[in-house]
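J.: First, the structure itself, so that you have it in front of you.
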Amino acid sequence: MTIFGVLHILLFFFVVLALTKPLGAYMHAVFEGEGILSKKVFGPVERVIFRVFFVDAKVEMDWKRYALSMIMFSAVSMLAVYTILRAQGDLPLNPQDLPGTTPHLAFNTAASFTSNTNWQSYGGETTMSYFSQMVALTVQNFVSAAVGIAVVLVLIRGFTRKSTSDLGNFWVDLTRCTLWILLPMSSILALLLVSQGVIQNFDSYKEITTVEGAKQIFAMGPAASQIAIKQLGTNGGGFFNANSAVPFENPTPFSNFLEAVSIILIPAGLTYTFGKMVGSTRQGWAVFAAMSVIFLAGTFFVYNAEQTGNPTLDDLGVSQSYETGDLASSGGNMEGKEIRFGIADSAIWAVSTTGASNGSVNSMHDSYTPLGGLIPMFNMHLGEVVFGGVGSGLYGMLVFAIISVFIAGLMIGRTPEYLGKKIGPKEMKLAGIYFLTTSAMMLLLTAVAVSVDQGKVGPLNAGAHGYSEILYAFTSAGANNGSAFGGLTANTEFYNTALGISMLVCRFVPMIAILALAGALANKQKVPTTAGTLPTDSPLFVGFLVGVVIIVGGLTFFPALTLGPIVEHFLVNAGILS
Amino acid sequence: MSVQMPNAPEYREGRSEIAKQRQARASIWNWPIILQATIDSVKKLNPLHLLGNPVMLVVEIGALVTTVLWLDIAFGDRAEGGFFTAAVSVWLWFTVLFANFAEAMAEGRGKAQANTLRAMKRDTMARRDRDGRIEEVPSSELRIGDIVRVEAGEIIPGDGDVIEGVAYVSEAAITGESAPVIKEPGTDIRTSVTGGTTVTSDWLRVRISANPGETFLDRMIALVEGAQRQKTPNEIALNILLATFTIIFLLAVGTVRPFAQYVGGDVTTTALVALLVCLIPTTIGGLLSAIGIAGMDRMVQRNVLAMSGKAVETAGDIDTLLLDKTGTITFGNRLAAEFIPVGDHSEKEIATAALQSSLADETPEGKSIVDLAHRLGYNGVGADPRAELIPFTAETRMSGMALDGHRIMKGAVDAVSKLATNIPADLETVSTRIAMAGGTPLAVVDNAEVLGVIYLKDTVKPGIKAKFEEMRRAGIRTVMITGDNKLTAATIAAEAGVDDFVAEAKPEDKMQLIRDEQALGRLVAMTGDGTNDAPALAQADVGVAMNSGTAAAKEAANMVDLDSDPTKLMDVVAVGKQMLMTRGSLTTFSIANDVSKYFAIIPAMFIGIYPQLDKMNVMRLSTPESAILSAVIFNALIIILLVPLALRGVAYRAAPAADILRGNLLIYGVGGLIAPFIGIKLIDMLLVLLQLD
């Protein structure tokens, strides 16, 4: 590790830390309809919108109605994306005359974008028209993110409200979130990105003669507007195939910094919003702290692994150390990384994008050292709770908190409670469904893929690394991450269908479990806090929560990871390249 | 509302043989119970029995699978791996047996309690009174409303209320208390009788209040036997968590084979079953029901009968304790606290006079005056036989003695003042001050001279303040209820250190107070004995009825204290907390154990495919087989090693939640991470030593 790298990681973290409170407070004001801005500006505009769409903002929904609205909305969204992609050839804003996609790719992409996964079995510039990118995909980038935030709002209301089944109004939450949080933030970010050179146009692709005299085609398009929301909404679906490694998507170290901060900005801010909503910002900071511990540990681990490089090269006498002066070298493992970002920025991004449910990349995770590549995968196995997806990261962490409270609460001799709500059989059942759904889909579908011929043909590499590629794909889909390890040919009927199903199941089944959990919690009395109550805002509890996250995630995927990245690590160290 | 005198120390010493037996059973090493439990643990192998315990069911299925594999190897033509598979199978069966043994032990201890109770449930003959006509019927034919007559030396044939007669009844069989108690009609606390207890003097006419099979004794037997044991909500929730872990590990282990085959190798089914069993939370899964049964049992050891496991669990959650002042916080009778001279008299004069007048006084007040005088260093000469006792009458409202021309009287201030020729000016102020502080002033007069006032005080029980302090540390609020005026109540409340008090309370105020507390989300516990307590006992989350109380109170409560000791409520809370803590600690231990098991089994399992994984064998276990076997053996042995802990419960101390968590996390969390690394290594070394690897 170099001092610059370490400082860079710390700078990144402190910028996020500094922005958490103001953003969290702003979001709180928006959701609760409080503050001058909400009352004077947002309120009147909302009222017009609600009138047009026949929404009665005062009607509160119970969890079932909320879930039904959410599912119906997502189903219609998915159908719209599917239709647009299939019919793309006959639609406008298609300067390259790209044809409609195959049914399985359209299904996969529709499932991917409505589930906030943004797994891409396609290359953007060679498959999607500007119309598809803007109307089908970017719209989903907004609303699928808003759906995630809406669901966590309901869960928080489950904690704050008592003896009621009223949990808010889906349409109101969706509107507020899209209009007053996602839209303004991505507009600002898009402009900042344009200032750095990210393109935003409707031109046809440009053929350019290079310095060497060769012809090269440059893809064009309205990139900045889509990239802003794909970062902020933890979507991650790149405008171009190579995602944020492409200069037109991410031209400078500053644009890279902005984009990386954007990945975890809203998820981090939501922890503060959560604290404000439950009436104790300490509770929010405790969750933030637990996330930060895992985030920093993961980032430094990856950074160290990548900066150390490949031991096989050391054996061959190749220097991998950081050097300045005439022999200037970044050192470490630079395979698959952009020179303009370097190792620390790549590590920050890799950990952020997998810790959060983003999935955009600025380097190729497939080319990381085994241990460097292990962490991104493990982050997803943990359920993406290290800041996590917008909304989904927080509700995932809150489910972990419920499990932690259950075990820790028993240890102090009380039936467990969290934020004043007793945790009983019903809550445990729903938490169980939440965990089992994703773990089961990840492991079982990987097992299927490594067993059937249609699956076995996918990976580029053989043996442990090929297995890692398949495991990563189903981990990414199951975690609604969307990042690709690379190396896997996924645009086949088998992978498109299996990954598509996985993304839908792993998005909506846990969401329904969360809504049901909110319903169960809201129905309960609130228990007062006494000296006998387990404090859930203490460093001790934060430590316990981190332990539970790591151990539960680790125990579930330890055998699977052993045969992939872990064994690769030992093989590389033994000088064997499988 | 009145409460019986609490058990003074001298009563406790007089405990009957039954009570001693009860204590003896609290010891783990009771060989007959261990023997019976061993037999029962084999009987419990019946898969139907394990249906309610998903974790152990998986272990048993695993044991069956490896046994079939072993038989296949033993009788087939394959020679490889026979011993290993057999050894794993044997230890998997032991795992199930050990878990069964834990449950059987807990049940056995309960059954032993039940047997003592059942011994007294002899079918006796009862004299039923049918409209004045007495007929002899077996007690099993008695129905609610029947009237029976019981003579001295006879066993009361069923639960009921005394409607006529006054008699001493020995309840030793139920309470372990050897001193007989008086029973008479028309009072809250002395009217109900329990079937199986013996009338030791006089006779009683009793109206039967329970049909056969539904009596107190029947319910008690069923409860301690665990026959009707229902899982508590928290137990169900924990079971769901354990089932979730089990399914997760089924997935994690079940997908290993396709993964291994993809990378070009394979793993044996025996190794997979061993891994699965080691990962699923067998420690807590095997001990969970034993913990629950033992919790009920610990209540019984403290002579408290909980009507359900849920009540015990709720006791651990209590936020507010509602305590009657009289009998619970104070002794309930007024004891001398101070001698206050009036006029120009000295403390010595009044103390000596008071001592003399009380030497022959057998009332608690009188005794306390003698005590106080002795404590202050005034030693009288002993009762003079020539002294003439003047007994207390309702008319004079004073008592005393006459000797050598002195007539020393003590009594109510206004009554005694009438004897005096000259009333000192400060008598009025002193007695008012005492009355305002909640005490009773007793004036002492020597012939016509008022010497001073004895301050009789409602005395707070020693040690109670420390107990309340402990409760406060554990986050439990104590609220005192009393019919006294506000000033008196405040004095006692401050002295006892309760958090809050309600003065001038009427019985119905209790109900309101419980409702108010519950509206704030608090869980409330209270004790009571009278019929007018019944609604409040039913409303409270934990209602403990005194055994001396009425049938209505016992019916409404969810616990009955056989010793009728209201301070027992605090023990009840501790037992409830202990049960939950044991569950939580063993769950943490169980999950933390998994880390080391992974490091034992995973490298052993894959080493055939990737020899480089030997680096993960951090314990340097000798061979893959001994590694797996050591983990399986450790996993089985830890269950049996933790049986005493499950039955006794982890230590409870009243402390803030964070402190308790830190302590238990260190022992069961960090300990649970480290201990198996050592244990597995030791077993592996032993296997090598015995050349079994």
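J.: For B:Ile163, enumerate residues with amide H under 5 Å from its amide H, sequence gap 5+ or separate chain, H modeled in the peptide plane.
T.: B:Arg205, B:Val206, B:Arg207
J.: By counting other Cβ atoms within 10 Å of each Cβ, how are A:His104, A:His365 ranked from fewest to most?
T.: In increasing order of surrounding Cβ atoms, one gets A:His104, A:His365.
J.: For B:570-576, what's the mean count of beta carbons from other chains sitting within 10 Å of each residue's beta carbon?
T.: Other-chain Cβ atoms within 10 Å of each residue's Cβ, averaged: 1.
J.: Determine the shape class of the stretch B:641-693: with a ≥ b ≥ c the square roots of the Cα gyration tensor eigenvalues, call it rounded for a/c under 1.5, and otherwise prolate if a/b is greater than b/c, oblate otherwise.
T.: Note, shape of the stretch B:641-693 comes out oblate.
J.: Moving to a separate point now. Would you mind computing the Rg to Rh ratio of the stretch B:454-581 from its alpha-carbon coordinates, Kirkwood style for Rh?
T.: When Rh is taken as the Kirkwood radius, the ratio is 0.96.
J.: Multiplying the sequence separation of B:Val688 and B:His49 by 0.36 nm and subtracting their Cα-Cα distance, what value in nm do you get?
T.: Full-extension gain reported as 226.3 nm.
J.: While we're on this one: Most exposed first by the Cβ proxy, i.e. fewest other Cβ within 10 Å, how do A:Tyr303, A:Tyr322 rank?
T.: On the way: A:Tyr303 27, A:Tyr322 17.
Fewest to most other Cβ atoms nearby, the residues stand as A:Tyr322, A:Tyr303.
J.: For the stretch B:470-542, what class follows from the C-alpha gyration tensor (a ≥ b ≥ c being the square roots of its eigenvalues): rounded when a/c is under 1.5, otherwise prolate if a/b is larger than b/c, else oblate?
T.: Judged from the Cα gyration tensor, the stretch B:470-542 comes out oblate (a/c at least 1.5, b/c at or above a/b).
J.: Residue by residue through B:260-266, how many Cβ atoms from other chains fall within 10 Å of the Cβ on average?
T.: Averaged over the peptide's residues, the number is 6.
J.: Rounded to two decimal places and with Rh computed the Kirkwood way over Cα pairs, what is Rg over Rh for chain B? Don't jump to the answer; show the numbers that get you there.
T.: Numbers: Rg = 33.2 Å, Rh = 29.6 Å.
Expressed as Rg/Rh, it is 1.12.
J.: What angle do you read, to the nearest 10 degrees and between 0 and 90, between the alpha-carbon axis of helix B:671-689 and the longest principal axis of chain B?
T.: 50
J.: Looking only at other chains, what is the average number of their beta-carbon atoms within 10 angstrom of each beta-carbon in B:241-248?
T.: Values: counts 9, 2, 4, 11, 5, 0, 5, 10.
Mean partner-chain Cβ count within 10 Å for B:241-248: 6.
J.: Got a sec to turn the phi values of the stretch A:545-553 into Karplus ³J(HN,Hα) couplings, 6.51 cos²θ - 1.76 cosθ + 1.60 with θ = phi - 60°, whole Hz, x for Gly and Pro?
T.: Using θ = phi - 60°, the values come out as 4, 4, x, 5, 4, 5, 5, 5, x Hz.
J.: Here's a follow-up. Starting from the amide H of A:Tyr418, placed 1.01 Å from N in the peptide plane, find each other amide H under 5 Å away whose residue is 5 or more places distant or on another chain.
T.: Those qualifying (amide H under 5 Å, at least 5 residues apart or on another chain) are A:Ile423.
J.: At what distance in angstrom do the alpha carbon centres of the stretch B:381-430 and the stretch B:651-693 lie from each other?
T.: 71
J.: Hey, if you drop one equal point scatterer on each alpha-carbon of the stretch A:1-50 and run the Debye formula without solvent, what base-10 log of I(q)/I(0) do you get at q = 0.14, 0.16 Å⁻¹?
T.: Log-scaled intensity ratios, in q order: -0.53, -0.59.
J.: Could you calculate, for the protein assembly as shown, the ratio of the Cα radius of gyration to the Kirkwood radius, expressed as Rg to Rh?
T.: Numbers: Rg = 38.5 Å, Rh = 35.4 Å.
In the protein assembly as shown, Rg relative to Rh is 1.09.
J.: Please pull out the direction-averaged projected area of the stretch A:334-428, using the convex hull of its alpha-carbon atoms, in nm² to one decimal place.
T.: Details: hull surface 30.8 nm².
Seen from a random direction, the Cα hull of the stretch A:334-428 projects 7.7 nm² on average.
J.: So how far, in whole Å, is the C-alpha centre of the stretch A:233-290 from the one of the stretch A:150-178?
T.: Cα centroid to Cα centroid, the span is 22 Å.
J.: State whether the stretch A:419-578 is rounded, prolate or oblate according to the following rule on the C-alpha gyration tensor (a ≥ b ≥ c being the square roots of its eigenvalues): a/c under 1.5 gives rounded; otherwise a/b larger than b/c gives prolate, and the remaining case gives oblate.
T.: oblate
J.: For the stretch B:269-276, take each phi angle, set θ = phi - 60°, evaluate the Karplus expression 6.51 cos²θ - 1.76 cosθ + 1.60, and give the result in whole Hz per residue in order, putting x for glycine and proline.
T.: Per-residue couplings from phi come out as 4, 4, 5, 5, 4, 4, 4, 4 Hz.
J.: With a point put 7 Å past each Cα toward its Cβ, work out how far B:Arg648 is from B:Val42 in nm, to one decimal.
T.: Calculated label separation equals 3.0 nm.
J.: Okay, moving on. With 20 Å bins from zero, work out the P(r) of chain A over every alpha carbon pair and list the percent per bin.
T.: 22, 57, 21, 1
J.: If we restrict to alpha carbons, what Rg and Dmax does the stretch B:497-641 come to, in Å?
T.: 27.2, 81
J.: 5 Å is the cut-off here: which amide hydrogens, built 1.01 Å from N in the peptide plane, fall below it relative to A:Gln525, excluding neighbours closer than 5 in sequence?
T.: Counting only residues 5 or more places away or on other chains, the set is A:Ser163.
J.: Further question: Calculate, for B:Asp202 and B:Asp509, the FRET efficiency according to 1/(1 + (r/R0)^6) with r their C-beta to C-beta distance and R0 35 Å; round to the nearest 0.05. Don't skip to the end; give the middle numbers.
T.: Details: r = 38 Å, r/R0 = 1.09.
Efficiency, from the Cβ-Cβ distance: 0.40.
J.: Arranged by the count of other C-beta atoms within 10 angstrom, fewest first, what order do A:Ser502, A:Ser321, A:Ser476 take?
T.: Going from sparsest to densest Cβ surroundings: A:Ser321, A:Ser502, A:Ser476.
J.: Next question. Output ³J(HN,Hα) for the stretch A:39-50: one whole-Hz value per residue in order, computed from phi by the Karplus curve 6.51 cos²θ - 1.76 cosθ + 1.60 with θ = phi - 60°, and x for Gly and Pro.
T.: Working through the residues one at a time gives 6, 8, 9, 5, x, x, 5, 4, 4, 5, 4, 4 Hz.
J.: Could you work out the pair-distance distribution P(r) of the stretch B:348-494 from its alpha-carbon pairs, with 5 angstrom bin width and percents rounded to whole numbers?
T.: 2, 9, 16, 19, 17, 13, 9, 6, 5, 3, 1, 0, 0
J.: So, one more: Taking 45 Å as R0, compute the FRET efficiency from the Cβ-Cβ separation of B:Thr363 and B:Glu469 and round it to 0.05.
T.: With R0 = 45 Å, the Cβ-Cβ based efficiency is 0.85.
J.: Mind giving me the FRET efficiency for B:Ser622 and A:Ala214? R0 is 51 Å, r the Cβ-Cβ distance, nearest 0.05 is fine.
T.: After rounding, the FRET efficiency stands at 0.20.
J.: Next question, about the same structure. Round to a whole angstrom and tell me the spacing of the C-alpha centers of the stretch A:324-363 and the stretch A:52-114.
T.: Each part's Cα centre sits 34 Å from the other's.
Bear in mind these aren't lab numbers, they're just calculated from the coordinates by the rules spelled out. The model shown is predicted, which means the values in this text are computed figures rather than measured ones. Methodologically, a virtual Cβ is constructed for each residue, glycine included, from the backbone with ideal geometry; neighbour enumeration extends over all protein chains shown.
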